[in-house]
Amino acid sequence: MDLFTPLMLGDLRLENRIVMAPMTRRRADADGTPTKLQAEYYAQRAGLGLIIAEGTYPSHESRGYPGQPGIITAEHAAGWTRVADAVHDAGGTIAMQIMHAGRVTHPDITGTERIVAPSAIPAAGEVHAVHTTLPFPKPHALTTLEVSLVRDEFVTAARRAIDAGLDAVELHGANGYLLHQFLGSGSNRRADFYGGGPEARARFVVETVAAVADEIGAERVGIRLSPGANIQDVIETDPADLRATYLALADGLAPLGLGYLSILHPQPESELIQELRARVGAPLIANTGFSTTTTREQAMTLLSRGVADAVAVGRPVIANPDLAQRWRHDLPENVPDPSTFYVGGAAGFTDSSL
């Protein structure tokens, strides 16, 4: 098995095992509609085995960033259809990552009166609003009824994504966003069905994934996790609790027959990650994390050793739309320019210097 052996993820046939990691680039219109520029951006990268598009908000309360795309309105759906069509015309495959920010946003971004979370505990740190940074506010703790309504928002968003022409959806259960907030013992202090011990904290995530799978077919559904990443104030430093929580989650996901499991972790060969892979029983997309850039050699090693079934790559894909061909032929790579990551426009996004 190597980077260029085809792979089936559920119903998706990948021509290679290089996956574009979902990366926020803040190029959507002010109302969250994906633009022609975004369609061009993703189509340029259609040579990758799978594109996982940037985190997309399923409700106004869930928007995490200015310039982030949504999947709520007819205009959003039409924008995503344009993206999907462009990728398909270029021979590619694309999934949408559905991301609810939960408590790591601000009403100045969402345009709503409140933000929501498992518990009324503000996240430590600040949020990047349009022209400033602001402290994270105290969130509204979702009632038990509201938890079910948020689950339904994920389901509706997934249906809209598939109807818009995307090939699959990925639920963002990592990096301190809402699903991850339910998993964390520090961010989830609930005393109802969705809080307390590890199994209860995993319940909302399992129910949401199951409901989405029931709506669009499990073979079109993936989930992203980041156990122990300690990102955006979801702190998981108790090894016993971490293991119990994620194994409860894996056991809940196992009967669903998901298309894939994507895990952000610096050591995907570790015992915990491999046990999660085995228990869920889905192909594993490994992403080695934010702190280091995944190289061609590292990706090849992960696959040759059987650590993962595919490898998600971030920053190299930003600067090298043709990364699959560069890696196939071991060609030099462009270096990404972080100053262009979130500023809008074509520079460092679709321009001819890439």
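The values are calculated or read from the model by the stated rules, or taken from the named source; none is laboratory data. Please read all numbers here as calculations on a predicted model, not as lab measurements. With ideal geometry, Cβ positions are generated from the backbone for all residues, glycine too; neighbour counts draw on all protein chains shown. These accessible areas exclude ligands, DNA and RNA; they are computed on the full protein's heavy atoms, side chains included. Shrake-Rupley method; radii C 1.70, N 1.55, O 1.52, S 1.80 Å.
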All-but-one check, Arg26 against (1) assigned to a helix (DSSP H, G or I); (2) touching a strand residue (DSSP E or B) at 6+ places or on another chain (Cβ under 9 Å); (3) in contact (Cβ under 8 Å) with a residue 60 or more places away in the chain, failing number (1)
Which listed residue is under 18 Å from Val311 (Cβ atoms) and touching a helix residue (DSSP H, G or I) at 6+ places or on another chain (Cβ under 9 Å), from Ala229, Ala218, Ala244: Ala229
Can you tell me which of Thr93, Thr105, Thr112 is under 19 Å from the mean Cα position of the chain (by Cα) and over 25 Å from Ala213 (Cα atoms)? Thr105
What number goes with the only condition from (1) under 21 Å from Asp31 (Cα atoms); (2) assigned to a helix (DSSP H, G or I) that Ala53 does not pass? (2)
Looking only at region 19-57, which residues are hydrophobic (A, V, I, L, M, F, W, C), under 17 Å from the mean Cα position of the chain (by Cα) and farther than 23 Å from Pro338 by Cβ? Leu50
Just checking, how many residues over region 80-105 are in a loop (DSSP other than H, G, I, E, B) and open to solvent by less than 30 Å² (accessible area, probe 1.4 Å)? 9
Out of all the residues in region 118-126, is one or more buried (at least 16 other Cβ atoms within 10 Å of the Cβ) and in contact with a helix residue (DSSP H, G or I) (Cβ under 6 Å, 6 or more places away or on another chain)? yes
Of all residues in region 236-264 being outside any helix (DSSP H, G or I), open to solvent by 30 Å² or more (accessible area, probe 1.4 Å) and not acidic (Asp, Glu), the one that is modelled with the highest pLDDT: Gly257
Looking only at region 319-353, count every residue that is of a type outside the set (Lys, Arg), farther than 20 Å from Pro66 by Cβ and not in a loop (DSSP other than H, G, I, E, B) and tell me the total. 5
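Taking region 27-38 as the region of interest, how many residues are surrounded by fewer than 22 Cβ atoms within 10 Å (Cβ to Cβ) and either hydrophobic (A, V, I, L, M, F, W, C) or modelled with pLDDT under 95 (or both)?
Total satisfying the criteria: 2.
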Just one of (1) closer than 17 Å to Pro118 by Cβ; (2) over 16 Å from the mean Cα position of the chain (by Cα); (3) not β-branched (Val, Ile, Thr) trips up Arg243, so point out which. (1)
Could you tell me how many of the residues in region 268-310 are in a loop (DSSP other than H, G, I, E, B) and either modelled with pLDDT under 95 or open to solvent by less than 60 Å² (accessible area, probe 1.4 Å) (or both)? 16
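Before we move on, is Asp330 acidic (Asp, Glu), in contact (Cβ under 8 Å) with a residue 60 or more places away in the chain and either touching a Lys or Arg at 6+ places or on another chain (Cβ under 9 Å) or surrounded by 15 or more Cβ atoms within 10 Å (Cβ to Cβ) (or both)?
Judged against the criteria, Asp330 is not a match.
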